[in-house]
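The values are calculated or read from the model by the stated rules, or taken from the named source; none is laboratory data. Owing to the predicted nature of the structure, the values given are computational and were not obtained by experimental measurement. All Cβ positions, even for glycine, are placed from backbone atoms using ideal geometry, and neighbour counts span all protein chains on display. Note: areas computed on protein heavy atoms with side chains; ligands, DNA, RNA excluded. Shrake-Rupley method; radii C 1.70, N 1.55, O 1.52, S 1.80 Å.
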Amino acid sequence: MVQLFRSGYELIMTHPRFYWNDDAEPGGEWLRVGDRERSTEFDKDAIEGEDLWTAEDEIDPPSALISLPGRDGLGLGRHWHFWGALGWIVTGALYVGALAVSGEWARLIPTSISVFPQAAGDLITYLQLQVPHAEGYNALQQLTYFGVVFVLSPLMIVTGVLQAPAVRAHFPAWFTTVRQRARSIHFLGLVAFAVFAVGHVGMVIVHGFWSEMAKIVLGSSAASIDLTIVATLLGVGIVVGFSAVANWASLTRPLRTQNALEIGLDPLLQTFFHHVSFVEGDDVDEYSDFARVNGKPPRNDAYRNHYENDFEDWTITVDGEVENELELDREDIRTLPTERHITRHDCIQGWTYYAKWGGVPLTEIIDRCNPHEDAEWLVFWTLDEKWEYSEAGPFEETDPEVPERYYEAIRMDKAREPRSILAYEMNDDDLPVAHGAPYRLRVESQLGYKMAKWVTRIEFVDDIDDMGKGKGGWRDDVLNYFPHSADI
Ligand SMILES: Nc1nc2c(c(=O)[nH]1)N[C@H]1C(S)=C(S)[C@@H](COP(=O)(O)O)O[C@H]1N2
Ligand SMILES: [Mo]
């Protein structure tokens, strides 16, 4: 639970605002931490500008004392959160199973409606600063434990899973256009768990700290007090020590920590969330008034020249493990079939918006270049030098393993989904500079960071192990995002 709280806090602070609907409009949040409201009126076709801001400017990096890993570590925060969730679900399943087979369930599950008036009576007793008399749990305890185990916990699992873009891609819209609601309720669940934890420890103190601790850690109030103290301190020590080691490893050795945490987890996420099936049809009828941006427009001469030339001579190079290399100019791409759809954009940070996209389905390109049988990945290379990240110096100086330009790799099965397109239209207009003009990738079952903007080249490769740090993309390499299972 401590791991879930701490990593969850990291995930919240990466977009510390909560909304009730998936337009996630700036200013429309019901709860916001920090005072970073910005105008939505900036020019999306400007190549640079004073008032251009991205969602990364809204991050409030938390302290590593509270957060896991702290200091703006969303990528590893997610790894820890998913591992925490896995451990918590396995523990919970064993607990509920043990309750069922041992007959102890009767302690938790109320069997009579009279539990409510009794619980009210218990509450009054507590408020009079007295402890209610009861065999085993009193009615208030029973109701609380029942609520935590059988209502709150399943709610946290459901609202956690509902935030994955993969879920939206595989279920009908009425069920899934609720990412902000799920995120908000998930947060309120966290608050409920925190209130429960504080209340629970408070009650342990009220009922007699060491005798209650003896029941909790050793199973009997008659156990020796010395043994209870040792077992309690040991338990607390393990949690604190584990937290310290987890923070230290994440902050000083992020790549090794990422590799270690991927073991088991990445295959598991792929199994549950990575499928080719796709629900057809639009999610909603209308697109959002405002779409957030992530990644600032390139500032290099190559991009600037194209920009000044209205992108007339921009081409898409298709090469790598293919039979026919292609060089597609504007004319070529406009004569290929067009796919248009309105769908939700899901950033890993937690914000969303609806937009209408138009462009050429990747299958059209794949069928024309005829990739070799072993070509498993499509790598999208861009003109984006990520200048806003290179204040410390060019990447080849600070970290020679990071490619100079933003890139993201997509698996063949994802590329072949009907709504995977190389987009050149947004909201019935030309794609704006801020959103990736003249071409950007859309893969609607994945998170935003996979959808490279300002694309110039599609390279087909057998595997991605030798590219960059081998994580399958710029943000995957640099920010420790999940490499293969970007569907959650
Ligand atoms: N070249 C490039 N593409 C990029 C990024 C970037 O920084 N550079 N950011 C990604 C992230 S994290 C997100 S959420 C989406 C945001 O798309 P939008 O700016 O069109 O809303 O773009 C993705 N594509
Ligand atoms: Mo993102």
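Would you point out the residue of the stretch 305-352, among those that are within 31 Å of the chain's Cα centre (by Cα) and acidic (D, E), that is nearest to ligand 1 (Cβ to nearest atom)?
Looking at the filtered set, the residue picked out is D346.
Would you say W381 is in a strand (DSSP E or B), more than 24 Å from P483 (Cβ to Cβ), in contact (Cβ under 8 Å) with a residue 12 or more places away in the chain and within 12 Å of ligand 1 (Cβ to nearest atom)?
Against the criterion (in a strand (DSSP E or B), more than 24 Å from P483 (Cβ to Cβ), in contact (Cβ under 8 Å) with a residue 12 or more places away in the chain and within 12 Å of ligand 1 (Cβ to nearest atom)), W381 does not qualify.
For the stretch 232-262, how many residues meet the condition of being open to solvent by less than 50 Å² (accessible area, probe 1.4 Å), free of Cβ contacts under 8 Å to residues at least 40 places away in the same chain and closer than 18 Å to M1 by Cβ?
4
Residues are listed down the side, and each one gets a yes or a no for (1) within 22 Å of L162 (Cα to Cα); (2) within 12 Å of ligand 2 (Cβ to nearest atom):
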residue: G448; (1), (2): yes, yes
residue: A452; (1), (2): no, yes
residue: F460; (1), (2): no, no
residue: D465; (1), (2): no, no
residue: G472; (1), (2): no, no
residue: Y481; (1), (2): yes, yes
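What pairs come up if the first residue lies in the stretch 80-106 and is over 18 Å from A246 (Cβ atoms), the second is open to solvent by 40 Å² or more (accessible area, probe 1.4 Å) and not hydrophobic (A, V, I, L, M, F, W, C), and their beta carbons are under 8 Å apart, counting only those six or more places apart or on different chains?
That search, which allows pairs on different chains as well, returns A98/E104.
If you take the residues of the stretch 444-484 that are part of a loop (DSSP other than H, G, I, E, B) and charged (D, E, K, R), which of them is nearest to ligand 1 (Cβ to nearest atom)? Walk me through how you get there before you give the answer.
Residues of the stretch 444-484 that are part of a loop (DSSP other than H, G, I, E, B), as a first pass: 444-447, 451-452, 454, 462-472, 480-484.
The next check asks that each one be charged (D, E, K, R); those that pass are 444, 462-463, 465-466, 469, 471.
Working: E444: 13, D462: 24, D463: 22, D465: 22, D466: 21, K469: 17, K471: 14 Å.
This residue is E444.
Does the stretch 452-472 hold any residues that are at negative phi, buried (at least 24 other Cβ atoms within 10 Å of the Cβ) and out of contact with any His (no Cβ under 8 Å at 6 or more places or on another chain), and which are they?
A452, V455, I458, K471
Among the listed residues H341, H306, H345, identify the single one that is in contact with a helix residue (DSSP H, G or I) (Cβ under 9 Å, 6 or more places away or on another chain) and either of a type in the set (K, R) or assigned by TED's automatic domain parsing to the domain that holds N427 (or both). Before the answer, list the steps.
On the way: H341 fails: in contact with a helix residue (DSSP H, G or I) (Cβ under 9 Å, 6 or more places away or on another chain); H306 fails: in contact with a helix residue (DSSP H, G or I) (Cβ under 9 Å, 6 or more places away or on another chain).
None of the others qualify; the one that does is H345.
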